[in-house]
1. Could you tell me the relative contact order of segment 2-52? Use alpha-carbon pairs under 8 Å, at least six residues apart, and round to a whole percent.
2. Tell me which chymotrypsin sites (Phe, Trp or Tyr not before Pro) from segment 6-58 have a DSSP coil assignment and no more than 11 other beta carbons within 10 Å of their own.
3. Nearest 5 percent is fine: what portion of the DSSP beta bridges confined to the chain is antiparallel?
4. Okay, helix-only estimate at 222 nm for the chain: each DSSP H run of n ≥ 4 adds -39500 (n - 2.57), divide by all residues, round to 500 deg cm²/dmol; what do you get?
5. Return the loop-located trypsin sites (Lys or Arg not before Pro) in the chain (DSSP other than H, G, I, E, B) with at most 10 other Cβ atoms within 10 Å of their own Cβ; answer none if there are none.
6. Relative to the longest principal axis of the chain, what angle (0 to 90°, nearest 10) does the C-alpha long axis of helix 27-40 take?
7. When a/c is below 1.5 the answer is rounded, else prolate if a/b is larger than b/c, else oblate, so apply that to the chain with a ≥ b ≥ c taken from the square roots of the Cα gyration tensor eigenvalues.
8. With +1 on each Lys and Arg Cβ and -1 on each Asp and Glu Cβ, how big is the dipole of segment 2-52 about its Cα centre, in debye rounded to the nearest 20?
Amino acid sequence: MRFEVVEEADEWIVRSEGCELGRYADQDAALHDVAERLREADASAPAALSMRYQSRTG
C-alpha cells in the first residue's frame, strides 16, 4: 500500500495507487486520514508514504 500526500493550491490531497482519496485544508488532517487508513490495513503488507510540497516563490 502506497500513499502520497500532495500540497496543491492551499489544499492537501491524499492519493493511493493513482486514485484521489481525499482533500483537506491542512496537512495534519491529511496525515490523520493516512494514519487511519494504515490502522485499518493488513499489517503484514508493506506500506509507504511520500510527501510533495508546493514550491514557494520569492
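1. 40 percent
2. Details: sites: W12, Y24, Y53; in loops: Y53.
Taking segment 6-58 and a limit of 11 other Cβ atoms within 10 Å, the loop chymotrypsin sites (Phe, Trp or Tyr not before Pro) found are Y53.
3. Of the beta bridges lying entirely in the chain, close to 70 percent run antiparallel.
4. Working: 1 runs with 14 residues, N = 58.
That comes out to -8000 deg cm²/dmol.
5. Working: sites: R2, R15, R23, R37, R39, R52, R56; in loops: R56.
Taking the chain and a limit of 10 other Cβ atoms within 10 Å, the loop trypsin sites (Lys or Arg not before Pro) found are R56.
6. Around 10 degrees separate the two axes.
7. Prolate, since a/c reaches 1.5 and a/b exceeds b/c.
8. Its charge dipole is roughly 220 debye.
Where a number appears in this text, it was derived from the coordinates with a stated rule and is not lab data. Since we're looking at a predicted model, the values are computed, not measured. Because the Cβ atoms are built from the backbone with ideal geometry, glycine has one as well, and the counts that use them run over all protein chains shown.
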